1. Report yes if A:ASP106 is in contact with a Pro (Cβ under 8 Å, 6 or more places away or on another chain) and at pLDDT below 80, otherwise no.
2. Go through the range A:99-151 and give me each residue that's within 39 Å of the chain's Cα centre (by Cα) and loosely packed, with under 14 Cβ neighbours inside 10 Å.
3. Please specify each residue of the range A:20-38 satisfying the condition of being surrounded by 15 or more Cβ atoms within 10 Å (Cβ to Cβ) and either of a type outside the set (Phe, Trp, Tyr) or within 12 Å of RNA strand B (Cβ to nearest atom) (or both).
4. Give just the number: which of (1) within 30 Å of A:VAL496 (Cα to Cα); (2) within 16 Å of RNA strand B (Cβ to nearest atom); (3) more than 23 Å from the chain's Cα centre (by Cα) does A:LEU439 not satisfy?
5. Quick test of your reading of the structure: A:LYS311 fulfils all but one of (1) touching a strand residue (DSSP E or B) at 6+ places or on another chain (Cβ under 6 Å); (2) loosely packed, with under 13 Cβ neighbours inside 10 Å; (3) charged (D, E, K, R). Name the failing condition by number.
6. Consider A:ASP483 carefully, then state whether it is more than 17 Å from A:VAL400 (Cβ to Cβ) and either surrounded by fewer than 20 Cβ atoms within 10 Å (Cβ to Cβ) or within 11 Å of RNA strand B (Cβ to nearest atom) (or both).
7. A:THR193: in contact (Cβ under 8 Å) with a residue 12 or more places away in the chain, more than 25 Å from A:ILE73 (Cα to Cα) and polar (S, T, N, Q), yes or no?
Amino acid sequence: MTQQNTSGDLMEKLVALCKRRGFIFQSSEIYGGINGFWDYGPLGVELKRNIKEAWWQDTVTKRDDIVGLDCSIIMNPKVWEASGHIVNFNDPLVDCKSCKARFRADKVFAVTAKDGENVLLQVGAEAETDEQAKAAAIAGTNSKTRRRVEDHADRIAWEIWRADKAPAGASNLCPLCGGALTDARKFNMMFKTFVGAMEDSSSVAYLRPETAQGIFANYKNVLDSTRIRPPFGIAQIGKSFRNEINPRNFTFRSREFEQMEIEFFCHPSEADKWYAYWRDERYNWYIGLGLTSSKLRLRPHEKTELAHYAKACADVEYQFPFGVSELEGVANRTDFDLTQHQKFSGKDMAYFDDETKQRYIPHVIEPSGGCDRATLAFLCEAYTEDTAPDENGNPQARTVMKFHPRLAPVKVAVFPLVKKEGMPETATKIHQACKRAGLASFYDEKGAVGRRYRRQDEAGTPFCATVDGQTALDQTLTIRDRDTLKQERISTDKVVAYVREKLGL
RNA sequence: GCGGGCGUAGCUCAAUGGUAGAGCGCCAGCCUUCCAAGCUGGCUGUUGUGGGUUCGAGCCCCAUCGCCCGCUCCA
């Protein structure tokens, strides 16, 4: 409890800082906001762009076996029929909490037989009517119970209800394993819209709930338009939409979010190998960008946790202040998706290997990461409170965002120590040189230099270059490290090279 | 979705049912030769929104939106 209160404070501070410094705003805030949607401000958009750029560099640009793609958000609705997203869209469903089986709520009944206060029988049954449910319940029980029910038929009180009409507080039972079922609900998780001006059933379309299906739908196009061959991957970054019942935890569960997904196609016999490869590769990617390994976990899914299409799955999880939650899932989706699309589209999805003369539908390993979740994790990781000495040498509280330099929204800030003696002019020139060199640079001459340092600390700027009295004499300035507060004197014309080297560029 | 808490200036918070305030920040200047607190002046509100009660509502009532916490959920 204490820990959660502390954590809550940390999250509150982070949310406040994000708003104050322009990382993240609530969407449509002037109209009272809208639940589950968020905007990235000037610093936030730079941070998020840097994360996406790092991902693209590391998964596409630096590799020979992955190509990129950018699909439309709205696709032919048949895509979602094939993927399974649209199944039973309008029917209330219940899920078994134990065995994960799913049923239409109007086809599952709870049957209870009571002899006075004595419950003889309480089961779930798949059926169309009350009578069928009762019959199924009797048929499914053991012979002893069946005899008691039949012998005392006149004393037995039957309670039978449909899963979507359960009395308040009553829970339904799984017809297969006897486990508890969730409440009945509609899975209208996809945002629905209409293509064209007419709003009728023939024009219904959906905002994609994942970018993956666009990749599967283009798998043939990529094979035919490039000379890439399995094992190979297709990567995409893009927005997806899910009408989450309960958005929560700042940007963590949003209704509009950005995904970074790879679908990696390989021979079925190599799927396990590639699954292990990508699981480790993706886990290490986050560590390389500064998430500490003690807060990062790689958690393999239990068999019962696996979705129907997955043979194996592991989550990269991060210990957020509000709990351990998923950043990315790496799944072995087998040939499920391509087979589905082959079935629904009638197009052949098999790949013919000229060397082995073998024809097969590739299996797919899917590393699927949440860009906004990664951004939030990097924000949480970066948030640090420490102390720095003030002008009298007394320690003062300091808030600093310790972003990995590669992700920092601003790479370098350039200051004149004081606003006179030509220092602003010199500093401006250096600032301009940094910008020309492609470094995100910020110029500030307002107020005391200590205040400017602190402002940059909150923005997470790794380096501050300060022009002082000595600059005019020997063309050197001080460059200050965000984390250590240490300063070095370097030549004014070395600022770009210095920052680049520290960024690892 | 259920239960609880909260919503006042950019931020943190005050204000018996009776004239909406403070600190910080921000802006303009001054002073400042290296780590936020010096000086002068200035800006800021349909008290989340909509109704209702009242002579009078930031305060009481209802609804609604949003945020936080706990359950639930996350094919």
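The values are calculated or read from the model by the stated rules, or taken from the named source; none is laboratory data. It should be emphasised that the depicted structure is a prediction, and the values quoted were computed from it without experimental measurement. Note: ideal-geometry Cβ built from the backbone for every residue, glycine included; neighbour counts use all protein chains shown.
1. yes
2. Answer for the range A:99-151, where residues must be within 39 Å of the chain's Cα centre (by Cα) and loosely packed, with under 14 Cβ neighbours inside 10 Å: just A:CYS99.
3. Selection gives A:ARG21, A:GLY22, A:ILE24, A:PHE25, A:GLN26, A:SER27, A:GLY36, A:PHE37, A:TRP38.
4. Evaluating A:LEU439 over (1) within 30 Å of A:VAL496 (Cα to Cα); (2) within 16 Å of RNA strand B (Cβ to nearest atom); (3) more than 23 Å from the chain's Cα centre (by Cα) leaves (2) as the failure.
5. It is condition (2) that A:LYS311 fails.
6. Against the criterion (more than 17 Å from A:VAL400 (Cβ to Cβ) and either surrounded by fewer than 20 Cβ atoms within 10 Å (Cβ to Cβ) or within 11 Å of RNA strand B (Cβ to nearest atom) (or both)), A:ASP483 does not qualify.
7. no
Let's see how each residue does on (1) more than 11 Å from RNA strand B (Cβ to nearest atom); (2) out of contact with any strand residue (DSSP E or B) (no Cβ under 6 Å at 6 or more places or on another chain):
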| site | (1), (2) |
| --- | --- |
| A:THR471 | no, no |
| A:LEU477 | no, no |
| A:GLU488 | no, no |
| A:SER491 | yes, no |
| A:VAL495 | yes, no |
| A:ARG500 | yes, yes |
| A:LEU503 | yes, yes |
